[in-house]
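Asker: So that we are looking at the same thing, I have put the structure below in structure tokens.
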Amino acid sequence: MESSGRLQAGADKMTFGRRLHKSKYLLLLFLPTLVYYVMFRYVPMFGVVVSFKDYNLFRGVWESDWVGLKYYKMFFDSPDFFKLLRNTFLLGFYRLVFGFPAPIILALLLNEVRRMAFKRFVQTVSYLPHFISNVVVVSMLVLFLSPSSGIVNRVLEWLGMETVNFMAQEEMFRSIYVLSEIWQHVGWETIIYLAALTAIDPQLYEAATIDGANRWKQMLHVTLPGIRAAIIIVFILNVGSVLEIGFEKVFLMLNPAIYGTADILSTYVYRTGISKGNYSYATAIDLFTSVINLIFIVGANWISRRTSETSLW
């Protein structure tokens, strides 16, 4: 029995060694990603201890006094708490509602295009904005929406309407942000769905055609079920980042006139932590945001696992 157990263990080690050797190039390709996440995602997690201390830059992390949940209570009692949470959640929610279906729709439309030259042209044009920096994108928004020289207001004047200072209207901020996000990233995000579409068996379309299904019914009964797993996985990941609004773009669009809707958790953390030097308070807010995102992604994954066969774990 002991000898057979040792033989089995040796066989398992050899099998693992062979798999490791066989996948060495894939592991080498994966190595930069692993190093990135270790260095910039896991190592910085040590910094969360600052949120439980009265951090002093000169005394260091370990020598600073423990204060427990002081800064969390300070944030919850802050008059800005509900406003910041509402602004961040609504911005993330609108981005999810309107931004999540956009690449799916574009991928379905591209899948129906039969002229490959036109299809490649549309793909290239839709991908390009993803590589434009947020600084340039916001500069374009300011130029296009300028009340004095912007093309949008010139069109409004031509139609006999009054000019509007879009970038100074609180009620316009969320629409401008979400629409610009869709324009900037919709082409890039279609890559996942276009890749999923290539995995659908062409014989399913042939069978559907024989059964009399038109292009619309083929999309409903063959194409969408074929990419359902990819849609669910991406949706779960997007739900987990509802409160994780990119700081840079919002900060560049921010001005005192639209603080009521544009001031979100990340911009507040920047003002509190970097501008005012209250690192413990800023870290507490950031950790709170991460915990809420974790709750969202775990909840979305649990619902997906209960209602379908697809989930992250």
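The values are calculated or read from the model by the stated rules, or taken from the named source; none is laboratory data. Because the structure is predicted, anything quoted here is derived from the model rather than measured. All Cβ positions, even for glycine, are placed from backbone atoms using ideal geometry, and neighbour counts span all protein chains on display.
Asker: In the stretch 200-221, which residues are among the acidic types (Asp, Glu) and assigned to a helix (DSSP H, G or I)?
Answerer: Matches in the stretch 200-221: Glu206 only.
Asker: Something else now. Residue check: is Thr267 closer than 30 Å to Ser64 by Cα, modelled with pLDDT under 90 and outside any loop (DSSP other than H, G, I, E, B)?
Answerer: Criteria not met by Thr267.
Asker: Any idea how many residues of the stretch 159-179 are in a loop (DSSP other than H, G, I, E, B) and either touching a strand residue (DSSP E or B) at 6+ places or on another chain (Cβ under 6 Å) or not polar (S, T, N, Q) (or both)?
Answerer: The total comes to 5.
Asker: Still on this structure, I have one more. Please indicate, with yes or no, whether at least one residue in the stretch 28-43 is at pLDDT below 85, surrounded by fewer than 10 Cβ atoms within 10 Å (Cβ to Cβ) and over 30 Å from Leu224 (Cβ atoms).
Answerer: Yes, the stretch 28-43 contains at least one residue that is at pLDDT below 85, surrounded by fewer than 10 Cβ atoms within 10 Å (Cβ to Cβ) and over 30 Å from Leu224 (Cβ atoms).
Asker: Right, next: Counting only residues that are among the basic types (Lys, Arg) and surrounded by fewer than 14 Cβ atoms within 10 Å (Cβ to Cβ), which one in the stretch 72-114 is nearest to Ala230 (Cα to Cα)?
Answerer: Residue satisfying both the conditions and the ranking: Arg114.
Asker: Just need a number here: residues in the stretch 29-74 that are outside any strand (DSSP E or B), among the hydroxyl-bearing types (Ser, Thr, Tyr) and within 16 Å of Ala282 (Cα to Cα).
Answerer: Matching residues across the stretch 29-74 total 3.
Asker: Further question on the same structure: Using the structure shown, decide if Asn134 is crowded, with 17+ Cβ neighbours inside 10 Å and at pLDDT below 90.
Answerer: no
Asker: Does Phe75 qualify as being closer than 30 Å to Thr289 by Cα, of a type outside the set (Gly, Ala, Ser), modelled with pLDDT of 90 or more and out of contact with any Asp or Glu (no Cβ under 7 Å at 6 or more places or on another chain)?
Answerer: Yes.
Asker: Would you mention how many residues in the stretch 204-219 are under 23 Å from Ile105 (Cα atoms) and without any contact (Cβ under 8 Å) to a residue 12 or more places away in the chain?
Answerer: Residues meeting the conditions: 6.
Asker: Checking the condition surrounded by 14 or more Cβ atoms within 10 Å (Cβ to Cβ), at pLDDT 90 or above, on the phi < 0 side of the Ramachandran plot and out of contact with any Lys or Arg (no Cβ under 7 Å at 6 or more places or on another chain), which residue from Val178, Val164, Val186 passes?
Answerer: None of the other options fit; the residue is Val186.
Asker: Looking at Thr124 and the list (1) surrounded by fewer than 18 Cβ atoms within 10 Å (Cβ to Cβ); (2) in contact with a helix residue (DSSP H, G or I) (Cβ under 6 Å, 6 or more places away or on another chain), which single condition is not satisfied?
Answerer: Among (1) surrounded by fewer than 18 Cβ atoms within 10 Å (Cβ to Cβ); (2) in contact with a helix residue (DSSP H, G or I) (Cβ under 6 Å, 6 or more places away or on another chain), the lone unmet condition for Thr124 is (2).
Asker: Within the stretch 282-305, is there a residue that is within 30 Å of Val142 (Cβ to Cβ), out of contact with any Pro (no Cβ under 9 Å at 6 or more places or on another chain) and free of Cβ contacts under 8 Å to residues at least 12 places away in the same chain?
Answerer: no
Asker: Out of the residues in the stretch 298-313 meeting the condition of being of a type in the set (A, V, I, L, M) and touching a helix residue (DSSP H, G or I) at 6+ places or on another chain (Cβ under 6 Å), tell me which one is surrounded by the fewest Cβ atoms within 10 Å (Cβ to Cβ).
Answerer: Among them, the one singled out is Leu312.
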